[in-house]
Each structure stands twice: as C-alpha cells, then as structure tokens.
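Report on one structure; see the data block that follows.
Just so it is clear, none of the values below were taken in a lab; they were calculated from the coordinates. Source: prediction; values computed, not measured. Cβ sites come from the backbone with ideal geometry, for glycine too, and all protein chains shown count toward neighbours.
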Amino acid sequence: MDSNSLGVIIALLPLLAVGLLFLLLSSKAKPHPIYDSSRNPIAGNQGQVINSRYHPVVISRDQHDVTRKQISDNALKVLYRLKDAGYESYLVGGCVRDLELGLHPKDFDVATEAHPEEVHDLFRNSRLIGRRFKLVHVRFGREIIEVATFRASHDAAHNDDDKHGRQADGGMILRDNVYGTVEEDALRRDFTINALYYTINDFSIHDYAGGWQDLEQRTLRMIGDPEARYREDPVRMLRAIRFAAKLEFTIAPDTEEPIQRLAPLLSDIPAARLFEEVLKLFLSGQGETTFAMLRHFKLFEALFPATQRLLDKEQGAVAEQLIIQALRSTDIRIKRGKSVTPAFVYAAMLWYPLLEILERLKKQGVPPIPALHQAALEIHQLQSRASSIPRRFSGTMRDIWELQYRLPRRNGNRAEQLVENPRFRAAYDFLLMREASGEDLDGLGQWWTDYQQARSEQREEMVAELGHGGARQRSKSKRRVRRKPQHD
Ligand code: ATP
Ligand code: MG
C-alpha cells in the first residue's frame with residue numbers, strides 16, 4: 001500500500017467511527033419489533049437488554065415448583081440427548097405453565113436451537129412433520145415429544161425472505177419457518193405465560209416476556225401488540241378464551257379489547273384448523289364456561305354460524321339450553337375420567353338448525369326419514385364451511401339424530417333392539433337433554449330410564465301398555481333397511 005492510500009484511510013477513520021457510533025445508538029433506541037416496552041405495561045419486569053440481546057429473568061430451581069419428577073421421562077431423555085449433542089434446548093409452553101400451576105400438562109414440548117433435520121438425525125424414533133411449522137415428533141410408544149426449532153418473528157430483518165416466512169397483506173402469517181434465537185422464539189409466542197423456558201442445565205426457568213409475574217397474578221396477556229398479533233393469527237383469539245377458561249385467569253384489558261372487533265377475521269381460517277380448535281375448546285373440561293365466553297366475544301359465530309343464527313332468534317333459548325346441557329354433561333364426564341366424543345357436542349350444537357331444515361322439508365312433503373337424511377347432509381355442508389366435522393364423527397352425529405326419531409317407536413321387539421344399538425346410550429342421553437332443555441316429549445325419557453332398569457317380564461309389560469301409542473308402525477314397503485352401526 002502506498003503512502004497516498006494510507007493517508008486517505010487515516011483521513012476517513014473519524015468518519016467511520018462516527019458512522020459506527022450512530023449505528024450502535026440507533027439499534028439500541030429501536031423498540032423490539034414485537035416486544036415494544038413502551039406499549040406493554042409489564043416492561044419493568046421483563047428481561048433486560050444487554051449488548052442488544054435480551055437477557056431473561058431467571059427463576060432459580062428453589063424459587064419455582066417445577067420438579068424433574070413431574071416431567072415426563074421421555075421429555076427428559078430428549079432434553080439430555082440434545083444437550084449431549086451440544087444444542088441449547090428447553091422445555092417450553094403449556095407444560096411449564098401447567099406444572100407451575102399444579103396442573104397435569106397435556107403434553108411436553110421442547111424448543112431447541114437444533115434445526116429440524118438435525119433433531120431428526122439424533123432420534124431414530126422421530127419424524128419430520130408440518131409445512132406451516134416444520135417440527136419433529138419424537139415417538140416413545142404412545143407419547144410424542146414435539147421438538148421445535150427456535151423461531152424468529154417475521155419482521156426480524158436478518159431472516160425475512162419469502163422462502164421461509166410469509167405474511168399476507170392483512171398481516172396473517174402464511175408460513176413460519178424463520179429460525180432464530182431463544183429470545184426471539186420467546187417473543188413470537190402468543191401469551192406471556194406460554195413463553196417460560198425450563199432448562200436442565202441448572203433446572204431454572206427463563207422468562208423473556210414477563211410471564212412469571214403474570215402467572216403469579218393469574219393474568220393472560222398477549223406478548224407485544226395484541227391487535228397485530230391477532231391479525232397475524234386470528235386463532236390466538238380462540239386460544240385466549242381457551243386459556244382464560246381453563247386456567248380461570250383474567251384476560252388483561254389490552255389483550256381483551258380487540259377480540260370482539262377482530263372476531264370476523266376467523267372466517268379466513270381453514271375449516272380443518274378450526275375443527276381442531278373446537279375440540280380443544282369444548283372437550284377440555286370447561287366447555288360450558290368456554291361457550292359463554294365465546295358468545296360474549298362474538299367468536300362463536302365463526303365456529304357455528306347456523307347455530308348462532310338460531311340463537312339470535314326467538315326460539316334460541318331452547319337451543320341454548322340444549323347446548324349448555326350437552327357441554328355441562330361433557331365437562332362432568334371429563335372430570336370423572338369418562339370418554340367423550342365430539343359427535344355428541346356437534347349433535348347438540350346443530351340439532352335445532354337441523355329441525356329448522358326438517359320443518360322446511362316437511363312442508364315440501366318429503367317423508368320423515370329421507371327428510372332427516374337430506375337435512376343432515378345440508379347441515380353437514382353448511383357446517384363444513386366453518387369448522388369441518390371429519391366423517392368418523394359426522395356418522396355418529398347422524399346416528400344420534402336418527403335415533404331421536406326411533407326412540408318413540410317402541411312396540412314389538414323394537415325397544416329391545418334399540419337398547420342393543422351401540423349408539424343407544426348416546427341417543428338416550430341426548431333425549432334426556434332435550435327434555436331438560438324444555439322440549440315436551442311426553443315422558444319418553446322417563447320411560448326409557450324405567451325400561452333399562454326393568455327385568456325382562458316388566459319390559460314386556462311396559463311395551464304392551466303402550467298399545468298403539470308407541471307403535472305407529474310404518475307400512476312394510478316404506479321400511480328402511482337398517483344401516484350397519486358404525487364403530488369409531
Ligand atoms: P395446551 O397444550 O395445554 O393446550 P399449550 O400452551 O401447550 O397448551 P399448544 O397448542 O400445545 O398450547 O402450543 C404450545 C406452545 O406453542 C404454546 O404454549 C405457545 O407458546 C406456542 N403457540 C401455540 N400456538 C401458537 C400461536 N397460534 N401463536 C403463537 N404461539 C403459539
Ligand atoms: Mg401443549
């Protein structure tokens with residue numbers, strides 16, 4: 001290098017230094033794309049920014065209630081294997097939250113810096129899944145440990161290309177495979193209490209978003225700007241209701257405020273994803289509360305539009321009662337550890353919309369059973385546009401409905417055959433609920449209760465006493481061939 005160019009470089013040095021200083025200062029002044037402390041009241045409690053990296057609040061092992069004994073052995077195996085391979089990994093999400101609250105986690109999720117393919121290489125018993133979110137499922141018999149790679153938010157400048165992440169004009173996330181650091185991963189999660197990270201390095205919990213304080217204060221709070229986060233993924237509105245109902249937490253005012261306004265955004269969500277959410281909403285043991293909250297926040301309409309239209313009408317009160325009865329009995333069954341089926345809940349949700357269609361078909365002169373089948377089909381098509389019902393459940397739902405028309409016909413050996421029907425119990429429960437919600441069925445429910453408790457001679461007497469009341473025999477030519485019962 002000659003002395004001339006050396007001189008030019010020396011002359012430029014102060015300029016370079018000023019530029020560098022400016023860059024440093026401006027990067028510190030800029031709020032985090034998601035976690036903008038000026039908008040969020042939990043700022044004081046949140047991890048600190050040191051050297052432009054977020055450092056978590058660390059809750060040491062003696063300050064929290066999550067013990068290794070409560071953690072699934074398989075989840076621990078995954079964590080130790082990842083650690084031995086040199087990857088930073090944590091237990092995260094619902095399991096940390098639930099364990100701290102003294103609840104049984106549904107499943108154990110792991111977040112790691114290892115990329116999906118690297119995780120897959122570490123575990124023979126694993127599978128790569130997902131498109132929207134690429135994940136690894138590590139299978140141990142019936143238990144699956146879900147391992148996700150740390151993800152960054154979409155506006156994380158260094159990584160925002162269309163190949164990995166994609167956002168629609170309205171802000172909705174279409175694809176989400178932008179990898180990032182653990183702090184970025186924390187801030188792209190939905191609620192602060194879902195962003196607590198448990199590490200087996202020293203058994204502490206790392207909190208990047210103020211979740212620890214919210215857990216203590218039983219508050220459900222969206223990370224970042226709630227409206228933007230709901231627009232990114234409207235399903236978060238349903239999740240807010242689900243967690244508030246399940247944990248009996250209060251929704252923070254700024255997290256609650258946009259929900260009613262943004263509820264219509266749910267119509268952009270694919271029906272299959274909404275079905276998954278419906279299952280979690282109504283089959284987790286707090287269905288009754290959840291239903292009331294969904295209605296309050298105007299979210300129910302997106303899930304069951306035909307039912308909502310009916311609830312708005314004069315006769316809506318009976319329909320509402322039936323739904324409440326069905327959800328209440330489902331909640332009780334779950335608490336007692338009994339099995340539940342979404343078909344039953346769907347049958348109740350759609351029973352009155354079904355009757356409305358049936359009424360129309362009756363006026364058109366369609367005979368009862370074909371009318372029932374046609375109405376069931378119409379309802380299924382209508383409902384599938386909102387939250388679809390997989391075939392294995394819609395079959396059961398139709399059986400429950402059809403049996404409502406067969407339960408009044410008890411003469412001959414029909415009553416005996418009905419009791420043997422694999423769907424009898426569900427149909428009988430459904431019948432009782434219809435009565436409890438205000439339908440007058442002329443004591444039919446009580447009759448079936450007595451019938452089941454009676455010995456065989458008494459049963460014959462009961463049927464004989466019905467005379468023609470329970471007969472209304474259809475002519476042979478119109479009798480339908482009985483369908484084979486379906487087994488789910
Ligand atoms: P549970 O399993 O008890 O229903 P969970 O919190 O574990 O609750 P999951 O659906 O299993 O919920 O998701 C695991 C974690 O992934 C959540 O805790 C949250 O951190 C994150 N997460 C899930 N869905 C979203 C979403 N739509 N937006 C942002 N983060 C999400
Ligand atoms: Mg979970």
* Structure fact -> Rounded to the nearest Å, the spacing of the alpha-carbon centers of region 248-271 and region 393-413 is 38 Å
* How would you rank W351, W447, going from fewest to most other Cβ atoms within 10 Å of each one's own Cβ? -> W447, W351
* Value in Å of the Kirkwood radius, where region 313-458 supplies the Cα pairs that are averaged -> 16.2 Å
* Structure fact -> Computed Rg/Rh for region 272-385 (Cα atoms; Rh = Kirkwood radius) stands at 0.99
* Asked: What is the Cα centroid distance between region 354-392 and region 425-462, reported in whole angstrom?
  -> 25 Å
* Asked: Karplus couplings for region 74-86 from phi (6.51 cos²θ - 1.76 cosθ + 1.60, θ = phi - 60°), rounded to Hz, Gly and Pro as x?
  -> 5, 5, 5, 4, 4, 4, 5, 5, 5, 4, 4, 7, x
* To do: List, in the order given, every pair from K106/K298; K335/K362; K83/K338 whose Cα-Cα distance in the structure shown is over 30 Å.
  => K335/K362; K83/K338
* **Label-to-label distance, nm, for residues given as R81 and A464 (7 Å Cα→Cβ offset)** => 6.9 nm
